[in-house]
Amino acid sequence: MDKFWQALTHLLPPGFAFPRAPGSVVMRWLKAWAGVLREHHEWVESAVRQWIPHRTCSRLEEWEEALGLPDPCFEGEQDGEQRRTNMLARLRGDVDLAYDDSSAESPEAIKAYLARYGYQVEIWYSTPFRVGRNRVGDRLGSLSGVLNVKVLYLCVPFRVGANRVGQRLRICSQDGIEIQCLLGRIAPARFEINVIYL
């Protein structure tokens, strides 16, 4: 027995006026009414689910409008997954710092910031080699005020469930201009940004 139908039958008063036989007119009417209530419940549940940011499909435009998206750093056509990634990154804020007194210009903070937009990177500042602090094999570097960003992963692999038949197995963005735009927002102005693509 359907749960909605069962709930409606429990609302009936006891007695012979409302027979409980499944073929009776009252029970058939309650079964039809339970179907309407079930459809309404499923519709409300799916509508609520569409307003949850990480699950939305049909309300993505409303979320983007509320958050001031599309981001000027990301030009051109974006698929639904990239749009959702940008929306979630905007909702979560720019930088999560480990401590209240942490610096937003630390390599780990910048790395976490770019990871929100789906980029795996290695980051280091150009600093001179110092005996006792550095080890054999470390970069010699100079105090030139350069922020080096090595992009490890620009290609998106094909994923079952996310991609469709006929799409490429690897989709690569050629320019990576959005990375420099994102870094321009967070990196200190005194540093020159050097982006290295693999």
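The values are calculated or read from the model by the stated rules, or taken from the named source; none is laboratory data. As the structure is a prediction and not an experimental result, all values here were calculated from the model. Neighbour counts are summed over all protein chains in view; Cβ atoms, including those assigned to glycine, are modelled from backbone coordinates with ideal geometry.
Among the residues of segment 122-151, the ones that are exposed (fewer than 15 other Cβ atoms within 10 Å of the Cβ), among the hydrophobic types (A, V, I, L, M, F, W, C) and either touching a Phe, Trp or Tyr at 6+ places or on another chain (Cβ under 7 Å) or modelled with pLDDT of 80 or more (or both) come to 4 in all. If the condition is being modelled with pLDDT under 85 and surrounded by 11 or more Cβ atoms within 10 Å (Cβ to Cβ), then segment 186-195 contributes ILE186, ALA187, PRO188, PHE191.
Rundown of residues vs (1) surrounded by 12 or more Cβ atoms within 10 Å (Cβ to Cβ); (2) assigned to a helix (DSSP H, G or I), yes/no style:
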{"position": "GLY23", "(1), (2)": "no, no"}
{"position": "VAL36", "(1), (2)": "no, yes"}
{"position": "HIS54", "(1), (2)": "no, no"}
{"position": "CYS57", "(1), (2)": "no, no"}
{"position": "PRO70", "(1), (2)": "yes, no"}
{"position": "CYS73", "(1), (2)": "yes, no"}
{"position": "ARG84", "(1), (2)": "yes, yes"}
